[in-house]
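Below: the structure, in structure tokens.
What follows is calculated from the coordinates using simple rules that are stated; it is not laboratory data. Please read these numbers as outputs of a predicted model, since none were measured by experiment. In this analysis, Cβ positions are derived from the backbone assuming ideal geometry, glycine residues included, and neighbour counts consider all displayed protein chains.
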Amino acid sequence: MPRLTSQSDAERFQDVAEVQVAQNPAEIELKVADSPEEIAAYFDIRRQVFVEEQQIFETTDVDVHDAVAIPILAVADGRAAGAVRCYPKRPNQACVWFGGRLAVHREHRTSCNIGALLVRKAVEVMEGRGDVVRFLATIQIQNVRFFKRLGWTCLGKPFMMNARKHQMMEIPLRRIAQ
């Protein structure tokens with residue numbers, strides 16, 4: 001058993017110990033959310049992470065990009081486990097797309113690396129579109145290393161957005177590179 005150094009460590013360990021999570025990536029369903037129930041679950045995951053947990057937004061993280069975004073949902077054991085979106089930089093000019101609002105429910109952060117599965121699914125969706133030339137993302141600075149391991153590269157210097165340090169990153173699309 002790991003040595004617990006603080007009350008918060010003990011609480012985190014207890015949370016992990018009590019939660020039943022999918023242990024096999026094959027048990028994770030990744031899909032573009034399209035039903036009203038899936039869309040609601042997609043937005044609920046984002047609200048839990050960005051409003052309640054990280055407190056980046058007061059009441060909602062929904063913005064103008066959601067009107068044209070492709071919502072991607074991870075489902076584990078029949079429940080929404082994570083979400084990410086892809087949207088065009090300019091709705092009328094679809095060649096540059098962004099990934100964003102990557103969110104994994106707290107219960108699922110220690111199993112199967114749902115965040116990586118969602119990022120890979122977003123890249124796959126972008127590679128499958130004929131109108132995407134570049135795929136970028138603004139990444140919270142603490143997640144840059146994670147994205148680098150997935151093949152993303154940094155563009156420019158870190159910057160502040162929503163009172164948090166971010167880094168612009170890009171992944172080369174295989175369809176373009178071939």
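Here the 3J(HN,Hα) profile of the range 79-86, calculated from phi with Karplus coefficients 6.51, -1.76 and 1.60 at θ = phi - 60°, is 10, 4, 10, x, 8, 7, 10, 10 Hz, Gly and Pro shown as x. Peptides 134-143, 102-111, 55-64, 34-43 ranked from most to least packed give 102-111, 134-143, 34-43, 55-64, packing being the mean of other C-beta atoms within 10 angstrom over each peptide's residues. Here r is the Cβ-Cβ distance between Val133 and Asp77 and R0 is 41 Å; the resulting FRET efficiency, rounded to 0.05, is 0.65. In this simple spin-label model, placing a label point 7 Å from the Cα along the Cα-to-Cβ direction at both Lys148 and His65 gives a separation of 2.3 nm.
In this label model, Arg164 and Glu52 are separated by 1.6 nm, measuring between points 7 Å along each Cα→Cβ vector. Tell me whether the range 21-177 comes out rounded, prolate or oblate; compute the Cα gyration tensor, take square roots of the eigenvalues as a ≥ b ≥ c, and use a/c under 1.5 as the rounded threshold. Cα axes put the range 21-177 in the rounded bin. Note on Lys157/Thr110: beta-carbon distance plugged into 1/(1 + (r/R0)^6) with R0 of 30 Å gives a FRET efficiency of 0.40. Charging the Cβ of each Asp and Glu at -1 and of each Lys and Arg at +1, and nothing else, the dipole of the range 31-178 about its Cα centre rounds to 780 debye.
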